[in-house]
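Following: one structure in structure tokens, then a few remarks.
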Amino acid sequence: MQAAANFIQGQMGPVDVDVTPTYKGRGDGSTMKALAWFGTNDVRMIDAPVPDITDPDDVVIRVTGSTICGSDLHLFHGEIVALQKGDILGHEFMGKVDRVGPNVKNLKPGQRVVASFQIACGKCSYCQKKLSSFCDRTNNSSLMNYMYGHRDAGFFGYSHFTGGFPGGQAEYVKVPFGEVNLLPIPDEVRDEQAIYLSDVLPTSYHCVVDTGVKEGDVVGVWGLGPIGQCVARWAKLKGASRVIGIDQVPSRLQFAVEKSGIEVIDFSKDKDVVKRLQELVPGGLDVALDCGTFHEPKTIAHKIQKTLMLETDVSETANEMITSVKKMGRCGVIAAYAGITNQFNIGALMEKGVRFIGNGQAPVHLYWEEILNDYIIPGKFDPTFMITHRVPIDDLAKLYSAFDRRVDGVEKVFVETQFSDAPMIGCPKTSRVDSWAN
């Protein structure tokens, strides 16, 4: 699949954009540690050139914190197209400014910043509305343009389908349009509190806001990984009267009950999720939110179809949501789908008048200042609740496998580099993956 996608995109040629995805190394030959993709279930630590300024709006940062995201597993499993061997992964990271291009005036070396996972130009019509994930001028993928009719913004570390930008699971990152895509962090906010402004916090917040969760709503959340756990908390902050989480991983179900105080359904036991929800909520949910994954089909039919490449994504969660919400209910999809699916219950969608909302990749720039200033600094939302482990960057390759297998109750992991500060009080101390993932 990767070879075919890269061939097709190569034949179509890149779209003309305002940024250079690749970078040049420094003249001194210095190298850094980075995590790179080499094939399905094959990621490796490599020595890569330390990036230098390529375009005049670039900023290079020394990474003080990185992480692994559930959507990274789609790359790990080779389910996102246009990956190339040696691609540096990772899209959620922060650090300190190391070098700035000649056009950069508002950022200085040594300044603490968090990067948005998307790369926005700051000038196009979408960027002017702070809809940074929809930027028109940073993703050169002709393949995405063909498949979707339009292109998202470029993303860090997420294949050449999103522009081929080297990612943040590394010791240094070149950030294009640095003044646009880096948010300065005040000294009183620690890295563990700030790093998730890069993705998981705006993404989960966007899911709740974009789907219109309001006071008194009964909300179902499919998938209790970090996004789902945060969505549950945002929904309660927005006034939801009940939140019901659906998953099958015991540690995640327990985490949701104990840390977030929500109701849960274990679909390994309650196999008919719709029936169970109808018992718990007669009349149906007001809102259903998909925070899960497309690469783990539950039924034999979809397992066969995926194996035979008759579909790339599965419709099981979408169908459960559509049939679980009340008439005129709302369904939001923040889970990262990529292609096509079969057996989608479009009849129920139409007949019930369901509002089925593709939330899209979250526009980080629309929300990150609000979340920082209105929720994190006042203590209304503490992002550190989801951090279960802290590991050194040297263990990233092993972390992918452990995270994929969901061992030892792993939720969100803080990945430290040589530039990181000591762990924040109350957060996990550094451990090696081998000590807890066997």
- Consider only pairs whose beta carbons are under 7 Å apart and that are at least six residues apart or on different chains; among these, list those whose first residue lies in segment 174-191 and is more than 24 Å from Asp136 (Cα to Cα) and whose second residue is among the charged types (D, E, K, R) and open to solvent by 40 Å² or more (accessible area, probe 1.4 Å). Asp191/Asp421
- Going through segment 413-438 in order, the residues found to be over 14 Å from Asp191 (Cα atoms) and buried (at least 17 other Cβ atoms within 10 Å of the Cβ) are Val433, Ala437
- Query: Across segment 102-130, what is the total count of residues that are surrounded by fewer than 19 Cβ atoms within 10 Å (Cβ to Cβ) and outside any helix (DSSP H, G or I)?
  - Reply: 14
- State all residues of segment 6-36 that are free of Cβ contacts under 8 Å to residues at least 60 places away in the same chain and either closer than 23 Å to Pro56 by Cα or surrounded by 13 or more Cβ atoms within 10 Å (Cβ to Cβ) (or both); if no residue qualifies, say none. Gly10, Lys24, Gly25, Arg26, Gly27, Asp28, Gly29, Ser30, Thr31, Ala36
- Message: Here is a list: Val231, Val213. Which entry is within 21 Å of Val281 (Cβ to Cβ), in contact with a Ser or Thr (Cβ under 7 Å, 6 or more places away or on another chain) and hydrophobic (A, V, I, L, M, F, W, C)?
- Response: Val231
- Query: Yes or no: Ile346 over 20 Å from Ile246 (Cα atoms) and either hydroxyl-bearing (Ser, Thr, Tyr) or under 24 Å from the mean Cα position of the chain (by Cα) (or both)?
  - Reply: no
- Message: Looking only at residues that are without any contact (Cβ under 8 Å) to a residue 60 or more places away in the chain and touching a helix residue (DSSP H, G or I) at 6+ places or on another chain (Cβ under 7 Å) in segment 285-308, which one is farthest from Val243 (Cα to Cα)?
- Response: His302
- Query: Taking the stated definitions as given, is Ser401 surrounded by fewer than 21 Cβ atoms within 10 Å (Cβ to Cβ) and at pLDDT 95 or above?
  - Reply: yes
- Message: Can you tell me how many residues within segment 166-184 are open to solvent by 10 Å² or more (accessible area, probe 1.4 Å) and under 18 Å from the mean Cα position of the chain (by Cα)?
- Response: 2
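Mind listing whichever residues of segment 376-387 are touching a residue at least 24 places away in the same chain (Cβ under 8 Å) and not polar (S, T, N, Q)? Working first, answer last.
Residues of segment 376-387 that are touching a residue at least 24 places away in the same chain (Cβ under 8 Å), as a first pass: 376-377, 380-387.
Ile376, Ile377, Lys380, Phe381, Asp382, Pro383, Phe385, Met386, Ile387 - these are the residues of segment 376-387 that are touching a residue at least 24 places away in the same chain (Cβ under 8 Å) and not polar (S, T, N, Q).
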- Message: Looking for something crowded, with 20+ Cβ neighbours inside 10 Å and among the polar types (S, T, N, Q) - is there at least one such residue anywhere in segment 384-394?
- Response: no
- All conditions in (1) assigned to a loop (DSSP other than H, G, I, E, B); (2) touching a residue at least 60 places away in the same chain (Cβ under 8 Å); (3) closer than 22 Å to Tyr205 by Cβ are true of Ser420 except (3)
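Yes/no per residue for (1) touching a residue at least 12 places away in the same chain (Cβ under 8 Å); (2) assigned to a loop (DSSP other than H, G, I, E, B); (3) farther than 24 Å from Phe155 by Cβ:
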residue	(1), (2), (3)
Ala348	yes, no, yes
Ile357	yes, no, no
Ala362	yes, yes, no
Leu372	yes, no, no
Tyr400	yes, no, no
Ile425	no, yes, yes
Asn438	no, yes, yes
- Asn359 vs (1) touching a Ser or Thr at 6+ places or on another chain (Cβ under 6 Å); (2) more than 25 Å from Arg62 (Cβ to Cβ); (3) crowded, with 18+ Cβ neighbours inside 10 Å: all pass except (1)
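Please find, among Thr341, Thr384, the residue that is more than 18 Å from Val209 (Cα to Cα), in a helix (DSSP H, G or I) and of a type outside the set (D, E, K, R). Walk me through how you get there before you give the answer.
Values: Thr341 fails: in a helix (DSSP H, G or I).
Being more than 18 Å from Val209 (Cα to Cα), in a helix (DSSP H, G or I) and of a type outside the set (D, E, K, R) holds for just one of Thr341, Thr384, which is Thr384.
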- Query: In segment 206-225, which residue that is out of contact with any helix residue (DSSP H, G or I) (no Cβ under 7 Å at 6 or more places or on another chain) and of a type outside the set (Gly, Ala, Ser) is farthest from Thr317 (Cα to Cα)?
  - Reply: Glu215
- Test: residue in segment 301-323 that is surrounded by fewer than 22 Cβ atoms within 10 Å (Cβ to Cβ), within 21 Å of Ala235 (Cα to Cα) and in contact with a Phe, Trp or Tyr (Cβ under 9 Å, 6 or more places away or on another chain): no
- Message: Please return the ranges of strands (runs of 3 or more DSSP E) entirely within segment 190-267 where 1 or more residues are open to solvent by 30 Å² or more (accessible area, probe 1.4 Å) and farther than 22 Å from Lys130 by Cα.
- Response: 242-247, 263-266
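Rundown of residues vs (1) closer than 24 Å to Asp270 by Cα; (2) touching a strand residue (DSSP E or B) at 6+ places or on another chain (Cβ under 8 Å); (3) among the basic types (Lys, Arg), yes/no style:
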{"position": "His302", "(1), (2), (3)": "yes, no, no"}
{"position": "Glu320", "(1), (2), (3)": "yes, yes, no"}
{"position": "Lys327", "(1), (2), (3)": "yes, no, yes"}
{"position": "Glu369", "(1), (2), (3)": "no, yes, no"}
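The values are calculated or read from the model by the stated rules, or taken from the named source; none is laboratory data. It should be emphasised that the depicted structure is a prediction, and the values quoted were computed from it without experimental measurement. We place every Cβ from the backbone using ideal geometry, glycine too, and count neighbours over all the protein chains shown. Protein only, heavy atoms only, side chains kept; ligands, DNA and RNA dropped before computing areas. Shrake-Rupley method; radii C 1.70, N 1.55, O 1.52, S 1.80 Å.
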